[in-house]
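Only one structure is covered here, and it is reproduced in the block below.
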Amino acid sequence: MGRSPLQEFAMIRVLLVDDDQELTGLLSEYLEREGFEATAVHTGEEGEVQALSGQYSIVVLDVMLPRLSGIEVLRRIRARSQVPVVLLTARGDNIDRITGLELGADDYVPKPSSPGELVARLRAIMRRVQPVEQATTEVIKTGPLVLWPGKRQALWQGRELGVTSTEFSLLEELARSAGQVVSKQDLSLNALGCPLTRYDRRIDVHISSIRQKLGPRADAKAWIQSVRGLGYLLIAE
Amino acid sequence: MMKPSRLFWKLFLAFWLATSLTFFVGIGIITLSRQGPGNPHLDTILESEEQLLRQFGVEAGKQLLQVWHHPDDEAIAVYDSGGQLLAGLPIVRPVFERTVISKEGLTLSLRSTRVPGNGGGGEGGPGLMPLLIGTVMSALFSSFMAFYLAWPLAYLRRAMSDVAQGRFETRVKPFMGARRDEIVDLAEDCDRMANQLKLLVDAQQHLLHDISHELRSPLTRMQAAIGLLHQNPARADMVERIDRESQRMDTLIEALLTLARVQGRPDSIARESVDIIELLHLIVEDAQFEAGIKGCRVILQGCPSFVSRVSGELLYRCFENVIRNAVRHTRADSSVLVVAEASPAGHCLTVRISDQGPGVEESRLQRIFDPFERGTSEAGSGFGLGLAIASRAVEMHGGSIKASNLPGGGLSVAITLPLSLM
């Protein structure tokens, strides 16, 4: 997902995909006052086309869309793009939430919740995605992994690693302290931009997705080890 | 394999006792008939002879042996110490011999052709062996019968407890094999019940899911409006917005409660004598106002009156929902036709409500009576509960409701209600 220099200075463009037109009207208005630029579409098909158009910095996707469900739209988007996606899920519906994260959603906001909550999540993701200027040349190397946090690019065993921006941030946190245990609380604060809540499965789901992408080690162990009660550790060699 | 149940033991004991008793009684009768009084057994005679000799002397012994009608192969004789025959017939080669001191003090020798107590020469009394075989056979037979009757019940019981714990996918029939009897019928009924329960519970789950979604939508919009109000307290229009959303939630909850009421048993409704035609007049009059805004008319045609014992309130809601639905979907400047016809014998009333709107896709015709099922074109026109309530209300009155597309376009809903006099 290449980003032209112009977009660095442009407003954050948000794509809202929700069949509730009254709600998207209200949310657009709210987001615009918060300094975002919001566009709303009301069907999954349109959402998919718009999300893949490359015009948006972030997509807010409702899970409960009629006909083409939000989960299916996410699957189709992820097949071709790593654009950040925030899911709007029904409060209490854990299955949608976990499936969404497994499919590569960056975060979720339960419905109903205040628009302030949504804005906070959007900002947290955009902070991670938008590179800090002085760090563009920094390179992190550990074992077969090379990361360029500035370009948000990852090489794994010499090949491009397709990770979402959230997964990249988690991997970056682990790589910075490769060989040491990083606590879930630190991962949540530094990579997701919010503190860990009770029964929060987000970190675990993202980590398991990264694990799958890295594949097993020669000794059949996973590259990212979970240390019970402490956190996660990236094996450094 | 399952542990034998209490029922198994009860059946087993009952069968075993019954068969064993029959067997023993049979054996007893046969034995008694063999020992007829005219032919006392050699053992008995031998014993009596010995008693007589001891207590009454040789003469008494002699008399007994004279009156005994002995079989040809059996004989008893009494000899003295010198080998002289004193009583009975001479026995050349005695098989059994016993020394007896008689009353007179003589040492006598009691001889017989057979050893007493040693069977009846192959056909005498019954031995221990047949008794044992009979008992074992009856035990085998009883345990088979008891097992055959008791084992399906164990499966049935397990299935029932599965159902009680909410595992409705449990099935008993496959365990019954090729068996065909009332127990298998019971198993089939049990499977059917589990399936019905599953459908019911699934439908309820689905409904609950839909309800929470429907309640969530106005709530989310309310939250967004509140957010905007926080951003800019001058936005007074947001207060109106919040007001509207809260009213929408109230309407939805009202409709849900009605739906819950019509989910009850048909005999739970309070019936009263109602003229349904008069009821239709009232509803059409009300709907006329709403239709007028669109430039439409609602026309009522039909029989003069149809009085039946029904729940006036539920039927009012039912017809109101269907007629208002028709008014909502009919084209501008068109008319909604309500035709009420009683059957020739007056046993039932059919009310047809037809609009001149776009109709419904054939595949969705049956589903429009499901809760929260609504047209895709009309956004925000209702919750999709009206027709569901109407359908359930009609069913509670023992009637039927059907939707069909009219050849010239538009939807027609036919409601048939039976005449009820009680």
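The values are calculated or read from the model by the stated rules, or taken from the named source; none is laboratory data. Since the model is a prediction, treat every value here as computed from it, not as a measurement. Please note: Cβ atoms are built from the backbone with ideal geometry, for glycine as well, and neighbour counts cover all protein chains shown.
What to note about this one:
- Residue within the stretch B:264-274 that is exposed (fewer than 14 other Cβ atoms within 10 Å of the Cβ), without any contact (Cβ under 8 Å) to a residue 40 or more places away in the chain and either on the phi > 0 side of the Ramachandran plot or touching a Phe, Trp or Tyr at 6+ places or on another chain (Cβ under 8 Å) (or both) present: no
- Look at (1) facing chain B (nearest Cβ under 10 Å); (2) modelled with pLDDT of 90 or more and you find that residue A:19 fails only one, number (2).
- Counting the residues of the stretch A:186-224 that are polar (S, T, N, Q) and surrounded by 13 or more Cβ atoms within 10 Å (Cβ to Cβ) gives 4.
- Long-range neighbours under 8 Å by Cβ, at least six apart or interchain, first residue farther than 17 Å from residue B:249 by Cβ and outside the structural domain of residue B:373 (by TED's automatic domain parsing) within the stretch B:198-222, second loosely packed, with under 12 Cβ neighbours inside 10 Å and modelled with pLDDT of 85 or more: B:198/B:169; B:201/B:166
- Any pair with Cβ under 9 angstrom, 6 or more apart, that starts in the stretch B:409-422 at a residue that is farther than 19 Å from residue B:341 by Cβ and touching a residue at least 12 places away in the same chain (Cβ under 8 Å) and ends at one that is part of a strand (DSSP E or B) and basic (Lys, Arg): B:421/B:309; B:422/B:309
- Residues of the stretch A:157-166 classified as on the phi < 0 side of the Ramachandran plot and either modelled with pLDDT of 90 or more or in a loop (DSSP other than H, G, I, E, B) (or both), total: 4
- Close Cβ contacts (under 7 Å, 6 or more residues apart or on different chains) running from residues in the stretch A:79-102 that are assigned by TED's automatic domain parsing to the domain that holds residue A:121 to residues that are among the polar types (S, T, N, Q) and in a loop (DSSP other than H, G, I, E, B) comprise A:82/A:164.
- Every residue from the stretch A:81-116 that is surrounded by fewer than 16 Cβ atoms within 10 Å (Cβ to Cβ) and modelled with pLDDT of 90 or more: A:116
- Within the stretch B:50-61, residues that are on the phi > 0 side of the Ramachandran plot reach partners that are of a type in the set (D, E, K, R) and modelled with pLDDT under 85 with beta carbons closer than 9 Å, at six or more positions or on different chains, in the pairs B:57/B:103; B:57/B:104.
- Considering B:33, B:20, the condition of being more than 25 Å from residue B:97 (Cβ to Cβ), in a helix (DSSP H, G or I) and modelled with pLDDT under 75 is satisfied by B:33 alone.
- For the stretch A:199-234, the set of residues classified as in contact (Cβ under 8 Å) with a residue 60 or more places away in the chain and basic (Lys, Arg) consists of A:201, A:202, listed by residue number.
- Residues located in the stretch B:349-362, provided they are within 18 Å of residue B:418 (Cβ to Cβ) and either crowded, with 21+ Cβ neighbours inside 10 Å or free of Cβ contacts under 8 Å to residues at least 40 places away in the same chain (or both): B:349, B:351
- Answer from A:43, A:39 - the residue that is of a type in the set (S, T, N, Q) and either at pLDDT below 90 or closer than 20 Å to residue B:214 by Cβ (or both): A:43
- Enumeration of residues in the stretch B:305-348 that are without any contact (Cβ under 8 Å) to a residue 40 or more places away in the chain and in contact with a helix residue (DSSP H, G or I) (Cβ under 7 Å, 6 or more places away or on another chain): B:305, B:316, B:320
- For the stretch A:142-171, filtering for residues that are within 28 Å of residue A:121 (Cβ to Cβ) and surrounded by fewer than 15 Cβ atoms within 10 Å (Cβ to Cβ) leaves 4.
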